[in-house]
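What follows is one structure encoded as structure tokens, with my remarks underneath.
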Amino acid sequence: MNRRLSTLVLVAAAILTSGALVRNASAAQFLYEVRLTVPALPPDSIRANDAHLLFAGTGNSIKNVTSKSGVIRTITGTGNGVDLTFSDKLLGGTVIVFHFEADFNNVTFNSGTWTNNGAVIRSLTVTAFGLKPFVATPGVSSIGLVLLSLLTLGSGIYIIGRRRSATA
């Protein structure tokens with residue numbers, strides 16, 4: 001009877017741990033790297049100090065937007081868009097790089113504009129950037145790790161208990 005109870009407790013712990021790991025595991029995310037090159041403009045023209053980009057195929061899932069360029073002052077990304085502001089007015093030829101994550105692996109550039117304090121200067125074109133997806137690794141939640149540790153501890157205690165009763 002005592003062995004059945006211990007086995008039952010271990011099976012229940014394994015089921016709960018598996019459920020927590022599956023429920024809290026993050027879905028596959030795809031990491032995109034975007035490169036923009038500021039177009040050459042005549043010397044007397046207004047220079048861009050921000051940019052706005054829209055992407056298709058994201059399912060409104062853009063998140064974890066990170067700057068990879070020193071000229072980016074602020075960067076935000078939600079839904080299908082990414083908004084950038086720069087630390088200074090950008091000269092032609094400046095390369096801007098940033099990353100974002102999305103739930104889908106078929107994201108494409110839709111449209112975008114170079115702006116100065118929100119006023120449109122010119123459109124971004126598809127040839128002004130490259131989009132390269134990389135699969136990011138999903139992780140296990142901290143709750144899952146705690147439950148897995150408890151399951152391992154419980155298994156160890158159970159095995160030690162069985163060894164004592166077998167030798168007695």
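Taken together, the values in this text are just the output of simple stated rules run on the coordinates, not laboratory data. These figures come from a predicted structure and were not determined experimentally.
Note that segment 37-101 shows a convex hull volume over its alpha carbon atoms of 77 Å³ per residue. Computed from backbone phi with θ = phi - 60° and the Karplus coefficients 6.51, -1.76 and 1.60, the 3J(HN,Hα) list for segment 95-109 is 9, 10, 10, 8, 10, 8, 10, 9, 7, 10, 9, 10, 6, 10, 6 Hz; x is used for glycine and proline.
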